[in-house]
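The structure appears right after this line, and notes come after that.
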Amino acid sequence: MTTPSYRVWALPGLPEVRPGDNLAKLIAATEPGLVDGDVLIVTSKIVSKAEGRIVAADDREAAIDAETVRVVARRGTLRIVENRQGLVMAAAGVDASNTPAGTVLLLPEDPDASARAIRVGLRETLGVDVGVVVTDTFGRPWRSGVTDVAIGAAGVRVLDDLRGGTDAYGNPLVATVVAGADELAAAGDLVKGKAAGLPVAVVRGLAHLVEDGAQGARALVRDAADDMFRLGTSEAVREAVTQRRTVREFTDDPVDPGAVRRAVAAALTAPAPHHTTPWRFVLLESAESRTRLLDAMRDAWVADLRADGLGEDTIARRVRRGDVLRRAPYLVVPCLVMDGSHRYGDARRDTAEREMFVVAAGAGVQNFLVALAGERLGSAWVSSTMFCRDVVRDVLGLPDDWDPMGTVAVGRAAGAPGARAAREVEGFVEVR
């Protein structure tokens, strides 16, 4: 039985790369001795140089701004961002090292296309079928130090999906997808080094990873919907606030009660007067409880509308518009309690006291909605229970001093949210 093994070495003799250079020809000129099944590991810096991704930038921060799509985290001057290539990394990949003073290097515009061009060029020049991985250096959450990863690839199986197989003990593999291209990138970095002037490495012995038609390194970027760690820092929390939308159409997917309880826990951190806890959340987890409440509320609403003299057609249209609550697989009724409030015996001060508690209730509901967004749950805060509080208390069996403050519809959004209308901050502030 042959013991699995591979070799990796840096490729010497590559000259300084300049804009317009053909990397495949430069590599071929070093007489690299490539054979079918080899994998070339190419540092993105030389790809950027060859593609003219050098820009004058006395202000590196401005260059980072231009390449940034989304700020994920910030500490001092360090920014972790999502860049135009969809990569989440420090400083959007803008690099001021190994480039003349007063300039910075941007990442290749399309690293997968760059890898394909090198692969095709080597096939035409040397007649060999090799894989190509374009790499850059990343830090990683929860781990100190940096490592090289694949940002572009051609002719390489970037993900090795082992799901459906078994391990040595016969246990089924249900979640194992190996990032082979990243492992190749890290192996190449061990011999290229960061300052040795050796930007290309060769890996031999892993020909089973070289294949035509393989997807590019873009496949290594996790989709936002599947990214469990997309939110977390103060900047990400701000994104959760700004990206939260009112959702009116839901899928039939069940809602995880644990996710709702975690959102309630976030609600309980809101500020409140006199160190009180003026929030209560009634969770309607059964279809029977939701239907019973909504039917009673509908009957009360119809009675109010008839008392206003509206016709039956108008009443029917209004009731249909309120059906967002019926389309949701889960409902929450946030309630205000005045436990701990002060009684002054003065109408002005008593009114202000209640308003403080109402504001605290709103802050709690806002925390709740944002936390639901962090759980990838859509929501709609509907005020209807506030118009028939006695009915809600009666149907749900709530104490007389619990004031329903609307109903929150919860569920998986049936579609992508629409764009939010732009609102300029200066239109909403007054400075004194």
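The values are calculated or read from the model by the stated rules, or taken from the named source; none is laboratory data. Treat the numbers as computed from the prediction; the structure is a model and nothing was measured. Positions of Cβ are backbone-derived with ideal geometry, glycine not excepted, and every protein chain shown enters the neighbour counts. For the accessible areas, the whole protein counts, side chains as well, though only heavy atoms, and no ligand, DNA or RNA atoms are used. Shrake-Rupley method; radii C 1.70, N 1.55, O 1.52, S 1.80 Å.
Go through region 315-324 and count every residue that is within 12 Å of LEU294 (Cα to Cα) and open to solvent by less than 10 Å² (accessible area, probe 1.4 Å).
Of the residues in that region, 1 qualify.
Got a number for residues in region 276-314 being outside any helix (DSSP H, G or I) and either in contact (Cβ under 8 Å) with a residue 60 or more places away in the chain or under 19 Å from GLY397 (Cβ atoms) (or both)?
11
Quick check on this structure: which one of GLY188, GLY197 is exposed (fewer than 13 other Cβ atoms within 10 Å of the Cβ) and not hydrophobic (A, V, I, L, M, F, W, C)?
The match here is GLY197.
Kindly provide the set of residues from region 234-275 that are open to solvent by less than 70 Å² (accessible area, probe 1.4 Å), over 22 Å from MET356 (Cα atoms), modelled with pLDDT of 80 or more and in a helix (DSSP H, G or I), ordered by number.
PRO257, GLY258, ALA259, VAL260, ALA263
Can you tell me which condition GLY139 does not meet? The list is (1) among the small types (Gly, Ala, Ser); (2) outside any strand (DSSP E or B); (3) open to solvent by 40 Å² or more (accessible area, probe 1.4 Å), and all the others hold.
Just one mismatch for GLY139, condition (2).
Hey, among the residues in region 84-94 that are crowded, with 21+ Cβ neighbours inside 10 Å and not hydrophobic (A, V, I, L, M, F, W, C), which one's nearest to ALA181 (Cα to Cα)?
Here the answer is GLN85.
Identify, please: which residue in region 98-113 is open to solvent by less than 70 Å² (accessible area, probe 1.4 Å) and in contact with a Leu (Cβ under 8 Å, 6 or more places away or on another chain) and is, among those, modelled with the lowest pLDDT?
Among those that are open to solvent by less than 70 Å² (accessible area, probe 1.4 Å) and in contact with a Leu (Cβ under 8 Å, 6 or more places away or on another chain), it is THR99.
Among the residues of region 1-46 satisfying the criterion of being among the acidic types (Asp, Glu) and at pLDDT 95 or above, which is most open to solvent (accessible area, probe 1.4 Å)?
Within region 1-46, the match that is most open to solvent (accessible area, probe 1.4 Å) is ASP36.
Got a number for residues in region 327-353 being within 41 Å of the chain's Cα centre (by Cα), among the charged types (D, E, K, R) and surrounded by 14 or more Cβ atoms within 10 Å (Cβ to Cβ)?
The number of residues fulfilling the criteria is 2.
Would you pick out the residues in region 341-353 that are out of contact with any helix residue (DSSP H, G or I) (no Cβ under 8 Å at 6 or more places or on another chain), among the charged types (D, E, K, R) and not in a helix (DSSP H, G or I)?
ASP346
Do the conditions hold for PRO278, that is, is it in contact with a helix residue (DSSP H, G or I) (Cβ under 7 Å, 6 or more places away or on another chain), open to solvent by 50 Å² or more (accessible area, probe 1.4 Å) and not charged (D, E, K, R)?
Judged against the criteria, PRO278 is not a match.
Restricting attention to region 281-309, and to residues there that are of a type in the set (Val, Ile, Thr) and within 37 Å of the chain's Cα centre (by Cα), which single residue is surrounded by the most Cβ atoms within 10 Å (Cβ to Cβ)?
My answer is VAL282.
Pick from MET356, MET338: which is of a type outside the set (S, T, N, Q), modelled with pLDDT of 90 or more and not in a helix (DSSP H, G or I)?
Exactly one of MET356, MET338 is of a type outside the set (S, T, N, Q), modelled with pLDDT of 90 or more and not in a helix (DSSP H, G or I), namely MET338.
Only one of (1) more than 27 Å from the chain's Cα centre (by Cα); (2) farther than 30 Å from VAL210 by Cα is not met by LEU23, so which one is it?
Here LEU23 clears every test but (2).
Please pick out the residue among THR99, THR3 that is without any contact (Cβ under 8 Å) to a residue 12 or more places away in the chain, in a loop (DSSP other than H, G, I, E, B) and polar (S, T, N, Q).
THR3
For ASP394, which of the numbered conditions (1) part of a helix (DSSP H, G or I); (2) of a type outside the set (Gly, Ala, Ser); (3) in contact with a strand residue (DSSP E or B) (Cβ under 9 Å, 6 or more places away or on another chain) fails to hold?
(3) is the only condition that ASP394 fails.
How many of the residues making up region 405-419 are within 18 Å of the chain's Cα centre (by Cα) and either at pLDDT 95 or above or basic (Lys, Arg) (or both)?
Qualifying residue count for the region: 1.
Might you let me know whether region 63-76 holds any residue that is touching a residue at least 60 places away in the same chain (Cβ under 8 Å), open to solvent by 20 Å² or more (accessible area, probe 1.4 Å), closer than 30 Å to GLY33 by Cβ and among the aliphatic types (A, V, I, L, M)?
Within region 63-76 (the criterion being touching a residue at least 60 places away in the same chain (Cβ under 8 Å), open to solvent by 20 Å² or more (accessible area, probe 1.4 Å), closer than 30 Å to GLY33 by Cβ and among the aliphatic types (A, V, I, L, M)), the answer is no, since none of the residues qualifies.
Checking GLU426 against (1) acidic (Asp, Glu); (2) in a helix (DSSP H, G or I); (3) under 27 Å from ALA296 (Cβ atoms), which test does it fail?
So GLU426 meets the others, but not (3).
Residues in region 144-190 that are in a loop (DSSP other than H, G, I, E, B) and on the phi > 0 side of the Ramachandran plot: how many?
Of the residues in that region, 3 qualify.
How many residues, within region 397-423, are within 18 Å of ALA296 (Cα to Cα) and either in a strand (DSSP E or B) or touching a Leu at 6+ places or on another chain (Cβ under 7 Å) (or both)?
6
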